[in-house]
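See structure below.
Nothing in this text is a laboratory measurement; each read-out follows from the coordinates by a stated rule. Predicted model, so just to flag it, every value in this text is computed and none were measured. Cβ: placed from backbone, ideal geometry, glycine included. Neighbour counts: every protein chain shown.
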Amino acid sequence: MAGNSTHLDLLETDPLATGGRVFISTYGCQMNVNDTERMYALLEMANYTPVDSPELADVIIINSCSVREKPVHKVYSEVGKYKKLKDKKPHLRIGVGGCVGQQEKGQLIAKSPLIDFVFGTDNIDLLPSLVSRSRAIDLELPQREQKLVEAQFQHRAPYHVETLVRKPGVATFVNITKGCDNFCTFCVVPFTRGREKSRPLQHVLNDVRELTKRGVKEVTLLGQNVNSYQSECGADFADLMQTLARSTDLLRIRFTTSHPKDFNAKLVEVLERNQPKVCEYVHLPFQAGSSRVLELMNRGYTREEYLEKVQMIRRIMPNVVFSTDIIVGFPSETEADFQDTLALVKEVGFETIFAFKYSPRPLTKAAQFEDQVPEDVKDRRLQELFAAHDAQAMPMVTKYEGQILEVLVEGYDQNRGNLHGRTSQNKNVFFLGSEDLIGKLIPVKITKAFPATLRGEVVPPQ
Ligand code: 5AD
Ligand code: SF4
């Protein structure tokens, strides 16, 4: 296609210019997966069809995450893999979004001629217009850098977006906050996702009611720190939970991620009042077991305060299951600090841990700290941590054997030939049964526990 071709020229050579097939490659957490879902839904409204392979696509988007790994490098190497496709199909457009798009902006286009457009975490709604602009005319550098980059934070704009889920299924996710103001010293999120904003309670409520009309029985409320949710009308997170539990047809409510410093007694009371609708599962990252390290991390709580929160939650939900995030090898972490982390894991008894080696992130304070811990020490600590957790995790799940647990049936697994669903404690259970059970809460007797899943059989009605 010539550099000065017009929109009409393009329509003659490329009948898909006003629509086509789109593939999105996603890295990162549930928040990013949800963003991808929103991108697909927006593009579908603009006449695009999602496909599940880059070879079939007219537009490829990489939705990147930069919380932990070396993300920029990963993006360039993925883009490089599409070079042959682009040689074959000159009309193919490649875009980069998410955290890397936010951070690198036009530099991505300057460094890789294969990249056509870039957008940030706060500009997802501009995606359809960005894609069509990029397809309408074949811009050369540096015009692409000027015209096809949308990566400005919308600091003043309220967070007013409706939940877009194409096929919601039985259980789905609903964003309630975006961004983060906590500035933990290791974390890039405040820089890649901007200031914390909450959606109005009424919007969340309307979305959930719409979703339940489409068959949804369970939602997980999503945010970097759901506990600091604050609606324009004055409602806090506890009020939101209470409203959703009382005024919708949901069978179950989950939420993630919780911040220990903001998990308060009012919320605990609401959780107690709304059992069993509110699930007995709390993801409560502690990050480090030493109060000295926690202070350097700017987490806003001590080891003792964390343990008090755990006890406060356990008092009202004795069967609650905790999972957590942990970082090993934060700058200046000593062997004694690390032992505090191991001891905390043992003391709380987490069923699942998500543990990571500290990795310096651009713009964050900790990246400037002296006393960075050598890589081999981080490796060893991570392995020790996983080994310590493995040793205690199995007895925690074998205790389910013989128990009758309530399972929300989510679907049929073709590969296993089984129904599957989750317990309130977020354990995946597989069992035989007919598909008309999908969407129902049923009692299942657990016959065998594996590290990550349970097998069971449906308890027939008496
Ligand atoms: N290095 C390692 N782990 C990190 N996390 C966030 N930033 C970093 C970093 N720089 C982990 C934290 C957080 C989870 C989402 O990712 O444990 O809770
Ligand atoms: Fe990052 Fe801390 Fe915010 Fe979580 S609370 S997103 S770790 S800054």
Counting alpha carbon pairs within less than 8 Å and at least 6 residues apart, what relative contact order, in whole percent, applies to the chain? 10
Compute the distance in nm between two label points, each set 7 Å from the Cα along the Cα-to-Cβ direction, one at Gln146 and one at Arg214. 4.0
Determine the relative contact order of region 285-382: mean sequence separation of Cα pairs under 8 Å and six or more apart, normalised by residue count, in whole percent. 33
Report, in whole Å, the centroid distance computed from the Cα atoms of region 164-232 and region 313-376. 25
Expected vector for region 135-144, Karplus 3J(HN,Hα) from phi with 6.51, -1.76, 1.60 and θ = phi - 60°, integer Hz, x for Gly and Pro, equals 8, 5, 9, 8, 6, 9, 5, x, 4, 4
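Per the helix-only calculation at 222 nm, which mean residue ellipticity applies to the chain, given -39500 (n - 2.57) for every DSSP H run of n ≥ 4 and division by its residues, nearest 500 deg cm²/dmol? The partial results should precede the final answer.
On the way: 16 runs with 163 residues, N = 462.
It lands at -10500 deg cm²/dmol.
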Classify region 20-102 as rounded, prolate or oblate, taking a ≥ b ≥ c as the square roots of the eigenvalues of its Cα gyration tensor: rounded when a/c is under 1.5, otherwise prolate if a/b is larger than b/c and oblate if not. oblate
Taking amide H positions as placed 1.01 Å from N in the peptide plane, with prolines and chain starts having none, which residues 5 or more places from Thr352, or on another chain, fall under 5 Å of its amide H? Thr324
When each of Lys167/Lys213; Lys105/Lys147; Lys74/Lys147; Lys261/Lys309; Lys197/Lys365; Lys213/Lys427 is checked by Cα-Cα distance, pairs over 18 Å: Lys74/Lys147; Lys197/Lys365; Lys213/Lys427
Per-residue HN-Hα couplings for region 186-195, Karplus 6.51 cos²θ - 1.76 cosθ + 1.60 at θ = phi - 60°, whole Hz, x for Gly and Pro? 8, 9, 8, 3, x, 8, 8, 10, x, 5
Return the sequence-ordered ³J(HN,Hα) values of region 448-462 in whole Hz as given by the Karplus equation 6.51 cos²θ - 1.76 cosθ + 1.60 applied to θ = phi - 60°, using x for Gly and Pro. 8, 10, 10, x, 10, 9, 10, 10, x, 9, 5, 8, x, x, 6
Cut-off 14 Å, label point 7 angstrom out along Cα-to-Cβ of Ser332: give me the residues of region 287-301 whose amide nitrogen falls inside. 290-299
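Full-extension gain between Glu308 and Ser77, please, as 0.36 nm times their residue separation minus the C-alpha to C-alpha distance. Numbers along the way, then the final one.
Numbers: separation 231, 0.36 × 231 = 83.16 nm, distance 4.54 nm.
Gain on extension, Glu308 to Ser77, equals 78.6 nm.
Go through 111-124, 139-152, 30-43 and give me the packing order, highest mean Cβ count within 10 Å leading.
Details: 111-124: 21.5, 139-152: 16.0, 30-43: 19.6.
Descending mean neighbour count gives 111-124, 30-43, 139-152.
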Given a Förster radius of 45 Å and the C-beta distance between Lys70 and Glu406 as r, what FRET efficiency does 1/(1 + (r/R0)^6) yield to the nearest 0.05? 0.60
Using packing as a proxy for protection, rank 362-374, 213-225 so that the peptide with the highest average count of other Cβ atoms within 10 Å comes first. 213-225, 362-374
Mean Cβ-within-10 Å packing, highest first, puts peptides 80-92, 376-388 in the order 376-388, 80-92
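What relative contact order, as a whole-number percentage, does region 33-132 give when Cα pairs under 8 Å and 6 or more residues apart are counted? Kindly include the intermediate steps, with their values, before the conclusion.
Values: 121 pairs, mean separation 29.6, N = 100.
It rounds to 30 percent for region 33-132.
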